[in-house]
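Bear in mind these aren't lab numbers, they're just calculated from the coordinates by the rules spelled out. Since the model is a prediction, treat every value here as computed from it, not as a measurement. Note that each Cβ is placed from the backbone with ideal geometry, even for glycine, and that neighbours are counted across all protein chains shown.
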Amino acid sequence: MAQGSESELMDRIAVLGPALLRVLESLERAQRHLHPPMIAQLQTAMAPAGEQLAEAIASFERVSPPPALPDFSQQMLTASRAAHAAVSLFGESGEPEMAIVRVLGAMRAHCRAQEALFPLRRILPPVNRFFFEAHARDRLAELDPDAPTGAAVGLHNASNQLDARGGFSLYVPESYDGARAWPLVVALHGGSGHGADFLWTWLREARSRQFLLLAPTARGATWSFNGPDLDAGALRSMVAFVCESWKVDPNRVLLTGLSDGATYSLVCGLQPDMPFSALAPLSGVLHPANFANGNMDRAAGRRIYLVHGALDWMFPVQIARAAAQELEKAGADLVFREIEDLSHTYARDENARILDWFLA
């Protein structure tokens, strides 16, 4: 391997960076349109971006970084290799019944790639723009200032390593200065998921729209909507910690979640003395526990934004339609969004609509 100069490194970054971002964007599109009958089509659409990234990684690896930039180069490689692992896993053939397992592995690798890339955003402006919504990409100096105020901003993890349960990940935008009270979004992962992964589903919006983002991890394999409730007290304590440590608007605390996280957002969010002012469950169910524990009585007047896909193969959309009827009957202030092309996956493009509704 030849020793490279800084200019040679930058030339290779100019190839590797765009190839990496294309793969991350293609993985995001694939996740949004993930539906078992569509997997082969999604694999075909993603393959060219994966091949370009593989070539860019190989070129980058042929020249060792100059002495001043080894950490930067290694971080780029870590992010790129994780993204390539994701697209490779997604594209693997094999037993049909294992396709979902491979896809879930690909989505976890996608999160690892974002996790490795995010610290490089201040060095590479295109990376910084990637982690903003389109409408905010001309406000980098304002939303990601050179000199943070001294507040504890950025990514925080509390006992939330990938092999741990019951902790949380927290993101405080770099533009936070404590001068005003900020909204808080609490986002619950799906079954067998993890808060450190689910955080990336909302980080771009948190940076762009200036709210704090809390992504807890369930204590068990999933949220405790069956049997003893192990998670409600922990969520209450996590929110209390965030409110004590940062300035949070208590009237703008949203609880949202995907699948099991959506189901639990209703079971937990409608309980008495919970700190949530609005609920936004996506692709979940209205669990029978809500009728047994008095939640339906407490649903009157509660702001709820219910999202479900017409193609959902795990929880058919008829279940969501019935849930919407029950919540309306209970007097909830309900928005029900049935999305024609959504399967049982995360509707990332719905985040903006949820936030427009929540922050209105």
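Below is a table of values for the structure above.
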quantity: Stretchable slack from residue 333 to residue 14, in nm (0.36 nm times residue separation minus alpha-carbon distance); calculated: 109.9 nm
quantity: On Cα atoms only, tilt of 99-117 relative to the major axis of the chain in degrees; calculated: 60 degrees
quantity: Whole-Hz couplings from phi, Karplus 6.51/-1.76/1.60, listed for segment 124-137; x for Gly and Pro; calculated: 10, x, x, 5, 4, 5, 4, 8, 10, 5, 4, 5, 9, 6
quantity: Cα-based helix-to-principal-axis angle, 260-269 vs the chain, degrees rounded to 10; calculated: 50 degrees
quantity: Exposure proxy ranking, count of Cβ atoms within 10 Å, fewest first, for 296, 76; calculated: 296, 76
quantity: Debye intensity ratio I(q)/I(0), log10, segment 148-229, q values 0.13, 0.22 Å⁻¹ (C-alpha model); calculated: -0.42, -0.96
quantity: FRET efficiency estimate (nearest 0.05) - Cβ-Cβ, residue 25 to residue 300, R0 45 angstrom; calculated: 0.60
quantity: Most fluctuating residue given options 116, 299, 40, as computed from a GNM of the chain linking Cα atoms under 10 Å; calculated: 40
quantity: Cα long-axis angle, helix 6-32 against the chain (0 to 90 degrees, to the nearest 10); calculated: 30 degrees
quantity: Share, in percent, of DSSP beta bridges within the chain that are antiparallel, nearest 5; calculated: 25 percent
quantity: Percent of C-alpha pairs per 10 Å bin, segment 148-359, short to long; calculated: 9, 37, 38, 14, 2
quantity: Projected-area average for segment 183-270 over all orientations - Cα convex hull basis, square nanometres; calculated: 5.4 nm²
quantity: Size of electric dipole in segment 148-359: Cβ of Lys, Arg +1 and of Asp, Glu -1, about Cα centre, debye, nearest 20; calculated: 340 debye
quantity: Segment 100-136 versus segment 297-358: alpha-carbon centroid distance in Å; calculated: 27 Å
quantity: Helical contribution to [θ] at 222 nm, DSSP H n ≥ 4, -39,500 (n - 2.57), averaged over the chain, rounded to 500; calculated: -14500 deg cm²/dmol
quantity: Trypsin sites (Lys or Arg not before Pro) within segment 132-229: DSSP coil, no more than 11 neighbouring Cβ in 10 Å; calculated: 180
quantity: Exposure proxy ranking, count of Cβ atoms within 10 Å, fewest first, for 144, 138, 333, 273; calculated: 273, 138, 333, 144
quantity: Globularity ratio of the chain, using Cα Rg and 2.2 N^0.38 Å; calculated: 1.02
